[in-house]
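Visitor: Pasting in a structure now, in structure tokens, and then I'll have a few things to ask.
Since every read-out is calculated from the coordinates, none of them should be taken as a lab result. What you see is a predicted model; the values in this text were computed from it and never measured. All Cβ positions, glycine included, derive from the backbone under ideal geometry; neighbour counts span all protein chains shown.
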């Protein structure tokens, strides 16, 4: 280290005079910078509104359903439906609808890093029903869950990750449950319509064609490959995150199973409510095929498209149109329309309490 004694008297005097300034400059240079505190992000609320493309798709869907309803108008008789309705089965469909809300709550609670209370979380899932009518698939409900987690103390980025983990669990459980359900239900479902062989071949061929087409498109599209890679990485990351806490992972998985049980039970009960016959596992296949086909068109809430797809799938399964049409109406009433007023109440209540 260099000291003042190594310099001449003149240099030592100059250095002594410059020392305070030098020390002050060194202090300024060596002082640690103050931590930069980011300004708090502005609160984001869930906004409800329709896009023009959604309105146009809805008009087309409603027009197509109206044409089908007119062609089958002889089957649409509210008085006959009311006389045929078995209220016990209808109440069971409502129980299935409630189970879907409970399952969604358990699924989110299991994925959350902070403790969430059951009933407010269930209320948030019910409030998400409103968001299903302003966005396709589960995008709107996911936005409600993200906002709910932010209010619960989860960070902005982390809340998105938690919702992604919860949805990943639902996806994985769906992929796991699909093969055994399809195998066990296939024979009963297709034999019910007396078209077991032809329908099985058509469905199997369609699956193979779609798989090959998807593989070809994926191979020729670098952009799509990148998106699939990001999705796969997010899915595996979510599974690893859940594996670190087996107890909460089990709760999230159980919630996903309850969602499936609730939806299948609601559809199965709706068919029996009007005197129809459909195996329980057959209802699972009908729900899977019909809801997937209906949600392929990005209309909020699947309005019109899911209804028509479920009616067509029930018809292919051997359920008469006279039963399939009111059964789908009851199913959608229980799992969508009756949840809207309750969802509006939950939305206003949670917002008033500062939880959404």
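Visitor: Measuring from label point to label point, each 7 Å out along Cα→Cβ, what is the residue 175 to residue 87 span in nm?
Guide: Using points 7 Å along Cα→Cβ, the separation is 4.6 nm.
Visitor: Work out the FRET efficiency for residue 352 and residue 94 from their Cβ-Cβ distance, taking R0 = 35 Å, and round it to the nearest 0.05.
Guide: Numbers: r = 27 Å, r/R0 = 0.76.
Efficiency computed from Cβ-Cβ geometry: 0.85.
Visitor: A follow-up question, please. Between residue 226 and residue 277, what length in nm is gained on full extension when 0.36 nm per residue of separation is reduced by their alpha carbon distance?
Guide: Values: separation 51, 0.36 × 51 = 18.36 nm, distance 4.55 nm.
Value of the extension gain: 13.8 nm.
Visitor: Quick one: if the Förster radius is 22 Å, what FRET efficiency do residue 245 and residue 156 give, using the C-beta to C-beta distance and rounding to 0.05? Present the calculation step by step, with values, prior to reporting the outcome.
Guide: Values: r = 22 Å, r/R0 = 0.99.
The computed FRET efficiency comes out at 0.50.
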